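Asks: So that we are looking at the same thing, I have put the structure below in structure tokens.
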Amino acid sequence: MALATSDRGSWSSRTGFILAAAGSAVGLGNIWRFPYTAGENGGGAWVLIYLVFVLLIGIPVLLAELSIGRKTKLNPVGSFEALTKSKFWPWVGGLGVLTGFGILAFYAVVAGWTLAYVYEAVTGAFAGSISAEQSSAIFSNIISNPGLAILLTGLFLLLTILVVRGGVSKGIEKTTKVLMPLLVIILVILAFRSVTLPGGMAGLSYLFAPDFSKLTGTGIMTALGQALFSLSLGMGAMITYGSYFPDDANLPASGVQVAFFDTAIAVLAGIIIFPALFSAGVAPDGGAGLVFVVLPTIFGSLPAGNLFAIAFYALLAIAALTSTISLLEVCVSYFVDNRGWSREKAAWILGAVCFGLAIPSALANGASPFFSDFLGSGFDFLTIQNNLWGNFSLTIGAILICVFVGWIWGVDKALGSIESSGHSMAGKALFRILIRFVCPAAILAVLIFIVITGNFF
Ligand code: PFF
């Protein structure tokens, strides 16, 4: 039986929700994962498919998750328990909680790297002009040092715990309110600098001119995974955030605004990375280190470049923090609602367990040969976790959420919850078709294709 305890909270306003949800959505997914995955998958055609997935699958699933959370005011497991008698659906919520944990256990590693970059920037490492080789050496020194990589991961998880234990509205809203606009300003300035670099235009055409011959089955899968990951969908984060949504606020408008904002930030990150990358002569398929290696090459060519570097990495770390908060929050809200734990206890225990699980990923980029080429698979442990939780698990979660809302709970009830504040939603008939037919069929087609071709990564 689900228990709602006084340790739950609520956003103080609709703006509070938008900020918090945008804080969850905007993070390393936009600035680190989007550019390097686009680069690995040939650019423009992949970006186009990603955008189509955001519109056709991301927005309907986002509204579906928010509608569940708003209705039940509970975490993902408690929500399914409250809406059905079936024993199966709460397990889907459980998968979401587990996925949140799985994502946090690799996300915190990359987030830890951003802390090292803040330190590098503060100590002047990006002050002068820097070549791609020098930048790459700085990156490998950080990620291949086992003690440092583990320490940075632990530090980031500690920051996450400290905010989550303070509760949703106090901790999360305040952090996002000031820093999100600052991040946008810095990104716009960097984008202007990058597109005006010599050779920058080639980067833009790589990002936007679709060449469908470069698109593979795995690419389509990762585009779907990226659309879900970037919007924090498929694991109940938006069920949890919807559960704190004020009763009188306009949910459809807020949801759509968050989706557009998140996608705009990813595209902006692409507009920064690809021109700089072509200008510095770096290969676009460099993998997880791409952003960390490319960006330092542009700071040196900006006036007061080192200050930019400090501000950028600090803001990136904070954007990552507002995302790790939502990942931990999903797990914490389950233990608070359903298990009667205090918020404090849940945050510390879950954060500590996650730290243990994150260590193999922290060692996966050169620090340990075993985790850097896991079981001789040719993939490092972090990449495997990224694909497993960040693509597959979210995809499976998303299809189940569509089936639940479209066929079990019912679209009318979901719409009732979406419109419960009296704000009506445009395109209800379209939403019905998308959530019942188009989204599940499209997601299933991608999954079947992957299983048949065996190209899992
Ligand atoms: N959306 C976040 C990002 O793009 O960085 C990552 C994320 C957060 C995924 C929360 C899933 C989630 F529930």
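The values are calculated or read from the model by the stated rules, or taken from the named source; none is laboratory data. Quantities reported herein were computed from a predicted structural model and do not represent experimental measurements. Heads up, the Cβs are rebuilt from the backbone with ideal geometry, glycines too, and the neighbour counts pull from every protein chain shown. For the accessible areas, the whole protein counts, side chains as well, though only heavy atoms, and no ligand, DNA or RNA atoms are used. Shrake-Rupley method; radii C 1.70, N 1.55, O 1.52, S 1.80 Å.
Asks: Could you please tell me which pairs satisfy a Cβ distance under 7 Å, a separation of 6+ or placement on different chains, a first residue in segment 261-273 that is in contact (Cβ under 8 Å) with a residue 60 or more places away in the chain and at positive phi, and a second residue that is of a type in the set (Val, Ile, Thr) and not in a helix (DSSP H, G or I)?
Replies: Cβ pairs passing all conditions: none.
Asks: Continuing with the same structure: Assess whether residue 225 counts as being away from the ligand (no atom under 16 Å from the Cβ) and part of a helix (DSSP H, G or I).
Replies: No.
Asks: Can you tell me which condition residue 92 does not meet? The list is (1) open to solvent by 20 Å² or more (accessible area, probe 1.4 Å); (2) assigned to a helix (DSSP H, G or I); (3) within 27 Å of residue 425 (Cβ to Cβ), and all the others hold.
Replies: (1)
Asks: Can you spot a residue in segment 110-126 that is of a type in the set (Val, Ile, Thr), open to solvent by less than 10 Å² (accessible area, probe 1.4 Å), modelled with pLDDT of 95 or more and in contact with a Ser or Thr (Cβ under 8 Å, 6 or more places away or on another chain)?
Replies: Keep residues of segment 110-126 that are of a type in the set (Val, Ile, Thr), which gives 110, 114, 118, 122-123.
Next, from what is left, pick out any that are open to solvent by less than 10 Å² (accessible area, probe 1.4 Å): 110, 114.
Checking which are modelled with pLDDT of 95 or more leaves us with 110, 114.
Checking which are in contact with a Ser or Thr (Cβ under 8 Å, 6 or more places away or on another chain) leaves us with none.
No, segment 110-126 has no match at all.
Asks: Turning to a different aspect of this structure: Give segment 406-431 a look and list any residue that's closer than 30 Å to residue 217 by Cα and in contact (Cβ under 8 Å) with a residue 24 or more places away in the chain, or say none.
Replies: Within segment 406-431, the subset closer than 30 Å to residue 217 by Cα is 406-407, 430-431.
Within segment 406-431, 406, 407, 431 qualify.
Asks: Only residues that are in a loop (DSSP other than H, G, I, E, B), surrounded by 12 or more Cβ atoms within 10 Å (Cβ to Cβ) and either among the hydrophobic types (A, V, I, L, M, F, W, C) or touching a Leu at 6+ places or on another chain (Cβ under 6 Å) (or both): list them for segment 421-443, please.
Replies: Matches in segment 421-443: 425 only.
Asks: Related question: Do the conditions hold for residue 190, that is, is it away from the ligand (no atom under 16 Å from the Cβ), touching a residue at least 24 places away in the same chain (Cβ under 8 Å), assigned to a helix (DSSP H, G or I) and not β-branched (Val, Ile, Thr)?
Replies: Yes: the conditions hold for residue 190.
Asks: Report, ordered by the first and then the second residue, all pairs with beta carbons closer than 7 Å, sequence separation of six or more or different chains, a first member in segment 9-29 that is over 20 Å from residue 160 (Cβ atoms), and a second member that is within 15 Å of the ligand (Cβ to nearest atom) and of a type in the set (Val, Ile, Thr).
Replies: 18/258
Asks: Follow-up question, since we're still on this one. Looking for something modelled with pLDDT of 95 or more and closer than 22 Å to residue 42 by Cβ - is there at least one such residue anywhere in segment 229-251?
Replies: There is at least one residue in segment 229-251 that is modelled with pLDDT of 95 or more and closer than 22 Å to residue 42 by Cβ.
Asks: Please specify each residue of segment 169-209 satisfying the condition of being basic (Lys, Arg) and over 19 Å from the mean Cα position of the chain (by Cα). Explain how you work it out, then say what you get.
Replies: Keep residues of segment 169-209 that are basic (Lys, Arg), which gives 170, 174, 177, 193.
Scanning segment 169-209 gives 170, 174, 193.
Asks: Next up: Could you grab me the full set of residues in segment 203-221 that are touching a Phe, Trp or Tyr at 6+ places or on another chain (Cβ under 8 Å) and at pLDDT 95 or above? It would help to see each step written out before you state the result.
Replies: Let us first name the residues in segment 203-221 that are touching a Phe, Trp or Tyr at 6+ places or on another chain (Cβ under 8 Å), namely 203-204, 206-207, 214-215, 217-221.
Listed by number, the residues that qualify are 203, 204, 206, 207.
Asks: Let me ask something else about it. Can you tell me which residue among 76, 35, 60 is more than 18 Å from residue 251 (Cβ to Cβ) and open to solvent by less than 30 Å² (accessible area, probe 1.4 Å)?
Replies: None of the other options fit; the residue is 35.
Asks: Residues in segment 444-452: is at least one modelled with pLDDT of 95 or more and surrounded by 18 or more Cβ atoms within 10 Å (Cβ to Cβ)?
Replies: no
Asks: Checking the condition within 16 Å of the ligand (Cβ to nearest atom), within 17 Å of residue 187 (Cβ to Cβ) and touching a residue at least 40 places away in the same chain (Cβ under 8 Å), which residue from 358, 320, 314 passes?
Replies: Going through 358, 320, 314 in turn, just one is within 16 Å of the ligand (Cβ to nearest atom), within 17 Å of residue 187 (Cβ to Cβ) and touching a residue at least 40 places away in the same chain (Cβ under 8 Å): 320.
Asks: Of the residues 112, 102, 94, 78, only one is over 17 Å from residue 413 (Cα atoms) and within 13 Å of the ligand (Cβ to nearest atom); which?
Replies: Only one candidate passes the filter, namely 102.
Asks: Show me the helices (runs of 4 or more DSSP H) found entirely inside segment 241-355 where at least 3 residues are surrounded by fewer than 23 Cβ atoms within 10 Å (Cβ to Cβ) and of a type outside the set (Phe, Trp, Tyr).
Replies: The helices (runs of 4 or more DSSP H) meeting that bar are 251-280, 305-339.
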